[in-house]
Amino acid sequence: MSRRIDRAARRREIVEAHLRLIARDGMQAATTRALTAELGVARGALWHYFSSFDELLSETFRMVFERTNARIEERVADHDGVAGLLAMLDEIQPGDKTTHDEAFVVVSFWGRVPSNPELAVRQAAVVDSWRRGMLARTGAAVEAGELRPQAPQAEIVDTLLVLNTGGQVEHVLGTPQGDGARLRRLAVQVLEPWLTDAGRAAAAVEPSADAGQA
């Protein structure tokens, strides 16, 4: 049992070092040589724990996903509806150093998918999980009177997910469209046609002239 625990701990240590390298020096610099130097081990020791670089990248992606979900749970614990939905997006979209670093890992992971389609399975699981979480919050927003009853919840959530994916790519590319504050405003614009006065208050935006027309 102790050998299994040691192996799991060592794998996590390698993944954390890989994440540090990507965040600090970029994906291209996070080579096998750089990673073994970071860990102070021989190359053979590294691949004793991972069968390939893609497996390592996949585990790094999984760690990012776990950390993001932990932040989401903490942020939305006391928020539901529109406020909870936007808080969830804040932890996914790049807006601070943590999410900035994670965007580089995620976009690097996506770049490996064409050469290894099996990696897409993990991404699909992430999107499905976040989609269900977002739909739960749009549903709560309708019940709370923050979104109009006729709001197309599935389409709203799908648009926000696509916005998140594109926003992360733009952020890594360094374009203005990848700015965290700008992405937040775009997310609110997606919701805007369906927000009630209560929803606008929850989203911290000014009421519009037709806000009361449900």
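Observations on the structure shown:
- Most mobile of 94, 152, 117 in a GNM of the chain (Cα contacts under 10 Å): 117
- Size of electric dipole in the chain: Cβ of Lys, Arg +1 and of Asp, Glu -1, about Cα centre, debye, nearest 20: 960 debye
- Cut-off 15 Å between beta-carbons: net charge of the residues surrounding residue 162, Lys and Arg +1, Asp and Glu -1: -3
- Label positions at residue 24 and residue 122, each projected 7 Å from the Cα along the C-beta direction, are separated by 2.2 nm.
- Calculated from backbone phi, Karplus (6.51, -1.76, 1.60) coupling profile of segment 61-74 in Hz, x at Gly/Pro: 4, 4, 5, 4, 4, 4, 5, 4, 5, 5, 5, 4, 4, 5
- A cut-off of 5 Å between modelled amide H atoms, ignoring neighbours fewer than 5 places along the same chain, links residue 147 with 142, 196.
- Residue with peak Gaussian network fluctuation, the chain [Cα springs, cutoff 10 Å], from 121, 190, 157: 121
- Dividing the summed helix terms, -39500 (n - 2.57) for each DSSP H run of n ≥ 4, by the number of residues in the chain produces a 222 nm estimate of -23500 deg cm²/dmol to the nearest 500.
- For segment 123-146 and segment 183-198, distance of Cα centres in Å: 15 Å
- Max mean-square fluctuation residue, GNM over the chain, Cα-Cα springs under 10 Å, options 39, 89, 191: 39
- For segment 1-156, the alpha-carbon coordinates run over 60, 36, 29 Å along the three principal axes, in decreasing order.
- The equivalent ellipsoid that matches the C-alpha gyration tensor of segment 19-86 spans semi-axes of 34, 12, 9 angstrom, in descending order.
- Relative contact order, percent, segment 1-109 [alpha-carbon distance under 8 Å, six or more residues apart]: 30 percent
- Positive-pole candidate from 83, 57, 204, dipole of the chain, charges at beta carbon: 57
Every read-out reported here was derived from the displayed coordinates using simple, explicitly stated rules and does not represent laboratory data. These numbers come from a predicted model, not from an experiment. We place every Cβ from the backbone using ideal geometry, glycine too, and count neighbours over all the protein chains shown.
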